[in-house]
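Written below as structure tokens is the structure these notes are about.
The values are calculated or read from the model by the stated rules, or taken from the named source; none is laboratory data. Owing to the predicted nature of the structure, the values given are computational and were not obtained by experimental measurement. All Cβ positions, glycine included, derive from the backbone under ideal geometry; neighbour counts span all protein chains shown. Ligands, DNA and RNA are excluded from the accessible area calculation, which covers all protein heavy atoms including side chains. Shrake-Rupley method; radii C 1.70, N 1.55, O 1.52, S 1.80 Å.
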Amino acid sequence: MTPPTVDAVVIGGGPNGLVAANALADAGWDVLLLEANDEVGGAVATAEVTAPGFRTDMYSAFYPLAAAARVIGDLDLAAHGLTWVQAPKVLAHALPDGRAAVLDRDPDRTAAGLEEFGAGDGQAWLDLLEHWRRVRDPLLDALFTPIPPLRAAARLLGRLGAGGLLDLTRLALLPVRRLGQETFTGEGGPLLLTGNALHADVPPDAAGSGIFGWLLAMLGQDVGFPVPRGGAGELALALRRRFEAAGGQVRTGTRVTSVLVAGGRALGVRTAGGETVRARRAVVADVVAPVLYRDLVGLPHLPAAMGPALARFQWDNPTLKVNWALRAPVPWRAAGPVGAGTVHLGTDLDGFVDVAADLSVGRPPRNPFLLFGQMTTADPTRSPAGTESAWAYTHVPASMVGDRAALDRHVRRVEEQVEQVAPGFGARVIERFVQHPADLQAGNANLVDGAINGGTSYPHQQLVFRPVPGLGRPETPLAGLFLASASAHPGGGVHGACGWNAAAAALHAQGPWRAVRGRLTRTAWARLLPS
């Protein structure tokens, strides 16, 4: 039989793969998306795993980047069933002494709360927000578009001038600990910045952590931390419905085992069932880079230095996640976390440094930093009235990944941390469901050993260094193959930019300058990864 042929095959139905598929279908291409799991979504999925009637987001849950980035916003997913909802408060950082720093949806309320931690800190927060509003649109365009973002950089320069652009560059390099010290007199503001920075894996005293804390905190103040009504999986289903409405095809339960290569070009894929699918124009891979290059393509098809470059690829820290069905709301010691969708807890400002140091040397943190989600608070459809569907995740050293006994001990430590700021929490637990790092990978192959960001966010693996030193673009050494996963620039987070950039690169490769562009791309790879 003649193998089926389409314009493009998209490997993987996570948010980046779905965005890429939508973009190509919108361009009139015949697109087939192949997903290994029984449903699309990747790390955007919801299930009942704790108790009947309690819906749990299995991986990601809050989506400020999706709300702010034009990539997903411009897809008009409301027309395909998606509704965003928010908790009354965006975020709180709960301290054991009964205090809490609160990021409220109202900037003035956030400022008033921070003023209680330090004189002048409320105005300092509002000044940060005003600066954010000046740079927001061109900055997000610069962050989410392929390198080099020339147009966005020109717009930033026009708004800020040379001096302002230099200040922004310094901010991008600052450790978040130093940013907090320079900006605030009390600990409330630094707690909000640092907790948000540790959504990535850059330590609080390391260069580059400041931009993560500032970006996520300002997004929280700007657009909040929205969630899809009904569960994270509703975002994936809306993307799927939109793609199919545009003429795209989805096949779930179909694992791709190899990319077909001949003459330095990707020609299609082969599935675990032995089927071959040909691609006339492109193969777009929402697959983490080491798996794509080593396993699906094979190093013999790539420049000789790709192997050593991948050997230096650094994963982000493994993740341990605990999910609970609660018979009543969380009994917080402080008033601040009541009504907050996201709560940070487990450590103070100095403790952030201790946690990062423990992870760096391979020790399980004695006082782990937790990201805690109150999902029914954000979306009442997640559990029966008067209850709460909640989860917390924390990071563990890579040495713990295969040690289930050590991980189970760490789960007890996690619950002790929650109990410290919410006495009586344990008595409200109906059921608990634990996801070890290996469980996260079993549910989503891109989450290798529970790494949720497709590779570290340290500066040495960002921009032109992501996923390996090269162009920082979705093009690969093979013509017709485009990297669309979080291993590509701009990295982790549900924003869809990795998929959008890959689709745009595939479309541009078909344009009038495709031969020149292809030669330039291959020349750059040849120089950076010499054979």
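Which whole DSSP H helices in the chain pass both tests: a Cα extent of 20 Å or more along the axis and a mean Kyte-Doolittle value no lower than -0.5?
Helices meeting the span and hydropathy rule in the chain are 121-144, 150-173, 209-223.
The mean sequence separation of alpha-carbon pairs under 8 Å and at least six residues apart, normalised by the residue count of the range 245-372, gives a relative contact order of 14 percent. For the range 205-257, the carbon plus sulfur part of the accessible surface works out to 45%, probe radius 1.4 Å. With a cut-off of 12 Å on the backbone N, the residues of the range 358-388 near the modelled label site 7 Å out from residue 85 along Cα-Cβ are 375-386. For residue 56, the residues whose amide H sits under 5 Å from its own are 47, 48, 49, ignoring neighbours fewer than 5 places away on the same chain, with H placed 1.01 Å from N.
Under the criterion of Cα pairs below 8 Å and six or more residues apart, the relative contact order for the chain equals 23 percent. Calculate the length of the line joining the C-alpha centroid of the range 292-343 to that of the range 1-42, in whole Å. Distance between centres, Cα-based: 24 Å. Positive end of the dipole of the chain (Cβ unit charges, origin at the Cα centre): among 209, 490, 289, the Cα lying farthest that way belongs to 289.
First measure r as the distance between the Cβ atoms of residue 275 and residue 207, then evaluate 1/(1 + (r/R0)^6) with R0 = 56 Å and state the FRET efficiency to the nearest 0.05.
Values: r = 47 Å, r/R0 = 0.85.
Rounded to the nearest 0.05, the efficiency is 0.75.
Less than 5 angstrom separates the built amide H of residue 257 from those of 270, 271, 272, all sequence-distant by 5 or more or on a different chain.
Take the range 1-152, drop everything but the C-alpha atoms, weight them equally and run the Debye formula without solvent; then report log10 I(q)/I(0) at 0.09, 0.13, 0.16 Å⁻¹ to two decimals. Summing over Cα pairs of the range 1-152 leads to -0.49, -0.91, -1.15.
Accessible surface of residue 481, taken over heavy atoms with a 1.4 Å probe and every protein chain present, rounds to 0 Å².
How would the range 36-112 be classified by its alpha-carbon gyration tensor: rounded, prolate or oblate, with rounded meaning a/c under 1.5 and the a/b versus b/c comparison settling the rest? Before the final figure, lay out each step's value.
Values: a/c = 2.62, a/b = 1.40, b/c = 1.87.
Cα axes put the range 36-112 in the oblate bin.
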